Amino acid sequence: MDKSSALEYINQMFPNEASLSGVEPLMQKIQNEIRTVDAGILAAVRQQSNSGTKAKEDLAAATRAVEELMYKIREIKTKAVQSETMVQEICRDIKKLDFAKKHITTTITALHRLTMLVSAVEQLQVMASKRQYKEAAAQLEAVNQLCSHFEAYRDIPKIIELREKFKNIKQILKSHVFSDFSSLGTGKETEETNLLQQLSDACLVVDALEPSVKEELVNNFCNRELTSYEQIFEGAELAKLDKTERRYAWIKRRMRSNEEIWKIFPSSWHVSYRLCILFCKKTRKQLEDILSNLKEKPDVGTLLLALQRTLEFEDELAEKFGGGTQNREIGNEIEEIGRGANSSNSASDIRKKYEKRLAAHQGSESEEKNGTKDLAVPGAGFNFRGIVSSCFEPHLTVYVELEEKTLMDSLEKLVQEETWDIEEGGQSSVLSSSMQLFLIIKRSLKRCSALTKSQTLFNLFKVFQRILKAYATRLFARLPKGGTGIVAAATGMDGQIKTSDRDERVICYIVNSAEYCHKTAGELAESVSKIIDHQFADGVDMSEVQDEFSAVITKSLVTLVNGLETKFDIEMAAMTRVPWGTLESVGDQSEYVNAINLILTSSIPTLGSLLSPVYFQFFLDKLASSLGPRFYSNIFKCKQISETGAQQMLLDTQAVKTILLEIPSLGRQTSSAASYSKFVSREMSKAEALLKVILSPVDSVADTYRALLPEGTPMEFQRILELKGLKKADQQSILDDFNKHGPGIKQTPITPTIAPAPPVAPVVPSPTAALGLVGSREDVLTRAAALGRGAATTGFKRFLALTEAAKDRKDGPFRKLFNP
């Protein structure tokens, strides 16, 4: 307790002078507590001293107990050793007797087996000499089992002698069996009734001999059976391509006639299976020689017939000895081409198809993983498909050439018979020639995939590419020729494009057909890549063909715009012939505006119903980018425009703008109308700005022109002065002032927070306002803003209005502000 705490404690105990009388009792109480604590400490010290002495006595007692335990353990161990020695002495003689009994038993067993082996070898020798194959087969297995017991005694002379004798007997059996089998197929089996049974028993002997004996016997039999085949079909008469079918008829007939006789072979030998494999290999070699020795190109009909018969024979073998359903799956893949959204397959059918594919894939994977394939077992590893037919592959060029000629002739016929029209009420707006062309291609693909899936199929795919490119060229050629206007100039076409209502429908059909071909060509490539061999799959690509059809679509839509643009020529000319300089009053919209409206209302609904939304939007963008600038430039072609004429033309401009904005509704496609409306408003606002410049007073026309058309040129400004009817002398001073200040108004940059000004509807100025005098530059800006750009009264706000409009421009000085 520190001093402050002690003082607090004392003050607490004795707060006043009267409490000091309790000091003596408190001191007495503290003295008693001290004595009690001292007594407790002394007792604890004495007790600790006594405990240490007792602990030493307990430790000494534990040490003595451990020593006694160790002594007893050593004593027990000594007695155990003595007991073990005693037991060994007792059992020594018993162990010797046990070993002796074991050796005697082994010797007796070995001698008994040796006796059995000698007897069995002698019996086997007698059976071999008498050709008792059935008994000999059983005896062979017994001798083999007995010989296995003497592997440890193979160096003993008697065992060596017996093994050598057994080997000679097996050789005798082998020679007898081979000799008897040599008579099979010579006709003796019909004369000697027991020959087949004897040969069946001989097969049991062959199974009991080494596996190499069975292999040698089966190979000899197969080669002997096919000897006559080689002699017959190597002759000059039958060694021809058109005799190929007779080869397969020969082996089928041979197998049918000998089916009963060949039953003597065990089913595990698969003699028919191996005979067919050898037949296919020999047939392939002979056909390769025939094809390579041809002096001229083979006849396509003969070549395909031989290949077809070969494939049928291979399928029969694959079905007989184990095969899949590859051709059926390929047919299903081809049928998917061109279906698209019109496919009638249900979700369950699609799921079942892919479940079958997955099961087949997993089955082949598990078989490869387990390593269970055995080429000697039918269906396990050998594939009959292609074993013979692959030799035709290098010679199928003539077939591909014939297919290309047939496809090209079909294409020409389809184009000639094409009506370029669609029946009313039809489900699609695609030309029939497009769908018919892909049906013909699908049939060609089916024919080829049934014959080969290698290089020939890849070459035929290249033919498909050329045919589709040729069809794209035919579609391109059907489009109306010529062109005029801004879009036509950009595309480099000469002359005008005049399109009737039927021409417009035909162009729409061409767009839809090209879109259909673009999509179906991709599906065709996908199907071929699944069918064709893996080494060719990477080269299957239709991107070039799809690019051709994309070009047809683009050209068609541009042609459609050019056709409409040509229809506007008369109305644009009528606009320039209106006496704008002598109009006395502003009335309703002019006749040329009504004519433009009539043209659009007659064409747009048809186009909107035939074109897809994507291509209709593309068409609208092209139309707006053509008609807007053309209307702007057409104003300059007028002779003179008075103030009343400018007001009437401004009214007409707004009417044309309204007509253009209603085009998506006319076409019943309003999904992307917002972007189109913005585009039209931007293009037509230039014409409105030009007319508002013409409406401005002479003394402020230059400033108004710079404010509303900052990208204008001096030549354009001079033409505006001419439209206003100014004389050359009056024009010169205004032009000098305009050139002195430059084409655009430049303001000092200002850096406060930018807040765009709200848009203001265009205001048509009254004649009184147009005649007013402009007192200052700010008055010019105010009037310019009221004429079309908004009620901006400061240079900074006007600058914001101009830059907001410049965001959508592709070029110009203000566009640079927004370029990265």
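The values are calculated or read from the model by the stated rules, or taken from the named source; none is laboratory data. As the structure is a prediction and not an experimental result, all values here were calculated from the model. Glycine gets a Cβ as well: all are built from the backbone with ideal geometry, and neighbour counts include every protein chain shown. With ligands, DNA and RNA removed, areas are computed over all heavy atoms of the protein, side chains included. Shrake-Rupley method; radii C 1.70, N 1.55, O 1.52, S 1.80 Å.
Overview of results
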| read-out | value |
| --- | --- |
| Reach of LYS263 by Cα under 22 Å, taken over lysines that are not fewer than 8 positions away in the same chain | LYS134, LYS174, LYS188, LYS214, LYS252, LYS320 |
| Centre separation in Å (Cα based) which lies between segment 196-244 and segment 38-79 | 102 |
| Distance histogram in 10 Å bins (all Cα pairs of segment 663-729, percent per bin) | 18, 39, 18, 17, 6, 1 |
| Fraction of accessible area attributable to carbon and sulfur, segment 487-584 (%, probe 1.4 Å) | 49 |
| Sorted largest first, extent of segment 123-270 alpha carbons per principal axis (Å) | 67, 32, 23 |
| Within the accessible area of segment 200-265 (1.4 Å probe), percent carbon and sulfur | 46 |
| Long-range Cα-Cα pairs in segment 18-113 (distance over 19 Å), rounded percent | 77 |
| Probe 1.4 Å - accessible area at SER21, Å² to nearest ten | 100 |
| Straight-distance crosslink candidates among lysines, where the alpha carbon sits under 23 Å from LYS724 and sequence neighbours closer than 8 are dropped | LYS637, LYS639, LYS686, LYS692, LYS740 |
| Charge dipole (segment 35-121, unit charges on Cβ, about Cα centre) - positive-most of MET86, VAL66, LEU42 | MET86 |
| Probe 1.4 Å, accessible area per residue of segment 1-149, Å² | 84 |
| R0 of 35 Å, Cβ-Cβ distance GLN88-ASN144: FRET efficiency to nearest 0.05 | 0.15 |
| Hydrodynamic radius by Kirkwood, which averages 1/r over all alpha carbon pairs of segment 631-683, in angstrom | 12.6 |
| Candidate lysines for bridging to LYS79, where Cα separation is under 30 Å - those fewer than 8 sequence places away on the same chain excluded | LYS95, LYS96 |
| Of LYS555/LYS622; LYS469/LYS622; LYS240/LYS295; LYS405/LYS442; LYS240/LYS446, pairs whose Cα-Cα distance is over 22 Å | LYS469/LYS622; LYS240/LYS446 |
| Unit charges on C-beta of K, R, D, E only; dipole of segment 46-146, Debye | 140 |
| Net charge dipole size for segment 535-634 [Lys, Arg +1 and Asp, Glu -1 on Cβ; Debye, nearest 20] | 340 |
| For segment 435-591, Kirkwood radius (reciprocal of mean inverse C-alpha pair distance, Å) | 18.7 |
| Tensor-based shape of segment 528-683 (alpha-carbon gyration tensor, a/c under 1.5 rounded, otherwise prolate or oblate) | prolate |
| Nearest-10 value in Å² for the accessible area of HIS395, using the 1.4 Å probe | 50 |
